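Novice: One structure, pasted below without further comment.
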Amino acid sequence: MMNNVDMPFLVSRLFNVPHMLAPAKFDVILNFMTPRLFEGNKFPPGAFSKEDPLSQIPPETYVVKNHVAILPVHGTLVRRGAWLSAASGLTSYDGLRDAFQEAIEQPDVGAILLDIDSGGGEAGGVFDLVDAFRALSQQYNKPIWAHANEMACSAAYAIACAASQIWVARTGIVGSIGVVCAHLDQSRADEMDGYKWTFVFEGDHKVHGNPHEPLADKALEKMQADCALLYDMFVDLVAQNRPTSVQAIKDMKAETFIGAQAVELGLADAQGTFAQALEALTASIQ
């Protein structure tokens, strides 16, 4: 069965737009996706197939234990996810928001625990998601805690900042408070394949950043400005929700920190296992 994948859509989501991803995760995504998007390599069989039994399971499915709704925030984070399944390794902001609202509205749920294991994802939509989590928490007077189990980096750390307490595993990694954007110049590949592109346009910036020519200086400046704008938003979000300052966050230079290091810097409140965090949260609402 052929996978019904919208390649242009995937390209538009991956390149020339800012992301909040840990560097290693971004490198993995680029190395996996680029040859499949531009060189004709195939995605693994069933990667987007609805015949997979797991395709019927939303990746944002929560469970309730001891009156605490545990909501997984796993894998690469994307804005929209109507076509996603648990097997895809992706989690959508839309799905997280819907699952969070459903969980917090349950009368037998007294708190939400975010089970985070993600290197981040798309910048677009993450700040609205954090606002939605916090607004619902206040509306229903039910606390949010988060656990870095084992990674809460970049956009995933932004989501963790919606919580009143952040726990981190002993070997858990948090941070990477930064923004990244990639441009792919495939002009040499076009030339080798015999393609010559001509753009007819109005508006000086209309074709800036297209992959069929080297990145123009003006386009680079715009991408850098977009990253800077989102970086400031990210830093402000962390500073408003964590016991640290804007300058201290900028001095971290998007570095990641493990376990006790994160607690020492104010990026987490406690070090412990997921079970310990769940036990502490359960005790706090009894």
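Novice: In this structure, is H74 modelled with pLDDT of 80 or more and over 17 Å from the mean Cα position of the chain (by Cα)?
Specialist: In short, no.
Novice: Oh, and also: So the check is Cβ under 7 Å with 6+ separation or different chains; which pairs have a first residue in the range 112-135 that's among the basic types (K, R) and a second one that's not in a helix (DSSP H, G or I)?
Specialist: Pairs found: R134/A162.
Novice: Separate question: Only one of these is hydrophobic (A, V, I, L, M, F, W, C), buried (at least 19 other Cβ atoms within 10 Å of the Cβ) and under 16 Å from the mean Cα position of the chain (by Cα): A123, A103, A111. Name it.
Specialist: Within the list A123, A103, A111, the selection yields A123.
Novice: Is it the case that the range 203-210 has a residue that's closer than 30 Å to T273 by Cα and either out of contact with any strand residue (DSSP E or B) (no Cβ under 8 Å at 6 or more places or on another chain) or without any contact (Cβ under 8 Å) to a residue 60 or more places away in the chain (or both)?
Specialist: Checked the range 203-210: no residue is closer than 30 Å to T273 by Cα and either out of contact with any strand residue (DSSP E or B) (no Cβ under 8 Å at 6 or more places or on another chain) or without any contact (Cβ under 8 Å) to a residue 60 or more places away in the chain (or both).
Novice: Find the residue count for the range 240-286, including only residues that are hydrophobic (A, V, I, L, M, F, W, C), over 10 Å from I177 (Cβ atoms) and in a helix (DSSP H, G or I).
Specialist: So the count comes out to 12.
Novice: Which one of these is surrounded by fewer than 17 Cβ atoms within 10 Å (Cβ to Cβ), of a type in the set (A, V, I, L, M, F, W, C) and under 20 Å from the mean Cα position of the chain (by Cα): M252, M233?
Specialist: M233
The values are calculated or read from the model by the stated rules, or taken from the named source; none is laboratory data. The structure presented is a predicted model; accordingly, all values stated were derived computationally and were not measured. Neighbour counts run over all protein chains shown; Cβ positions are idealised from the backbone, glycine included.
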